[in-house]
Structures are given as structure tokens and as C-alpha cells.
Amino acid sequence: MIKHALIFLSIFCLTAAHSQAQSFELNKNESTVTYTLTHLLHVVDATSKDVAYHIDGNAAAKKINGVTAQVDVTTFDSGNSNRDSHAMEVVDAITYPYTTFSSTSVTQLGDSLHITGKLTFHGITGDITMLGKAIWTEHRLEVQGNFVLSLTAYKVERPSLLMVPVNDDLHFALKAVFNIK
């Protein structure tokens, strides 16, 4: 009887360890972050495909416990190199080359996500909330989300065109794709 209990316990521990051992590998080819900047006369979208996302979670339970991200601000591309160069000047990219995020709380209800955390941008750390969704398949996790930050809250001088400054809200949309091993 004890022998059967030990065999069962060993199989249970191996099965539990295997379900926890799955790792999330970022698929850099499909992962992006895009910002949208709005001016009275036009809207600018710029995308970086060079963003490092990391998920702490349990694939078997389809649960995300924590998220971190980092992007080099010089990797955003709006399709206009002059505009991108000016954006790098405005955010002082030489002094503050990276924007980072680390979650403090992840709430998941079905596929819906509510992630709060600390964003460091332009040398200032502030609280942000991202709303999004997690799309799980057997071998893949895709996280999509959106958040907004205030340029003035992060002490970024709002660029102007024809003496009219851009809107203060900078909108972000992200897509993080992970292969589940």
C-alpha cells in the first residue's frame, strides 16, 4: 500500500512539474508596440518591432502572473525619418534610451486582462493601467493591449506644428506573441 502511494505521489509530482515547466519564448517577428500621436492636422503612428516582452505565468492554467517590457525609443518608425529624428530629440533619447514596464498586478477574467504597473519613460516612473486580452492556443499566447500616457506628466514638451501643440495623450497599442514550449 505504501509502495502504491509512493508511486502515485511520484507520478503526480512529475506531472505537476511538467505542467509548470512550460516556458514562454517571445516571437520577436510578430511582437510590436505602436504609439499614436494626434495633432489637429494629422495623426502619427510609429511602430517598434524591437521590443522585449517577458511573461511570468502558467500555460497549463492559462494564467499570466506578471509582465515586463522594454523598448529602445530609437527603434520607433513612423515612415518619416525627419519626424522620427525630431521625436528622438523631444524625448531626449540619448539620455533616456529605454522605456520599461513592470507589472504590479495582473487581473485576468477569461481572455480579458487588466494589468497595472510602473512605466519608466523619459526618466520618470509612473503608474499605468493596460486593458487587453490574452489569446491562448496549445502552443501560442498572444497578448494585445492598450494604454495611454500623458506627455506632460512625463515632462515631455509637446511638439507643435503651425504653433499648435500635439494632444497631450500618447496612445500605445501592443502585441506580444509567445511560443509555448
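Given their separation in residues at 0.36 nm each and the Cα-Cα distance between them, T95 and K62 gain 8.0 nm when the chain is fully extended.
Beyond 19 Å in Cα-Cα separation lie the following of the pairs K28/K175; K62/K133; K133/K181: K133/K181. Tilt of helix 2-20 relative to the longest C-alpha principal axis of the chain, in degrees (0 to 90, nearest 10)? Between helix and principal axis, roughly 10 degrees.
Axis angle, to the nearest 10 degrees, between helix 81-90 and the longest C-alpha principal axis of the chain: 80 degrees.
Can you tell me the relative contact order of segment 23-180? Whole percent, Cα pairs under 8 Å, sequence separation 6 or more.
So the answer I get is 26 percent.
The modelled label-to-label distance for the pair T75/T129, using points 7 Å beyond Cα in the direction of Cβ, is 2.9 nm.
Only the coordinates and a few stated rules stand behind these numbers; no lab work does. The structure presented is a predicted model; accordingly, all values stated were derived computationally and were not measured. Quick reminder, even Gly has a Cβ in these numbers, built from the backbone with ideal geometry, and neighbours come from all protein chains shown.
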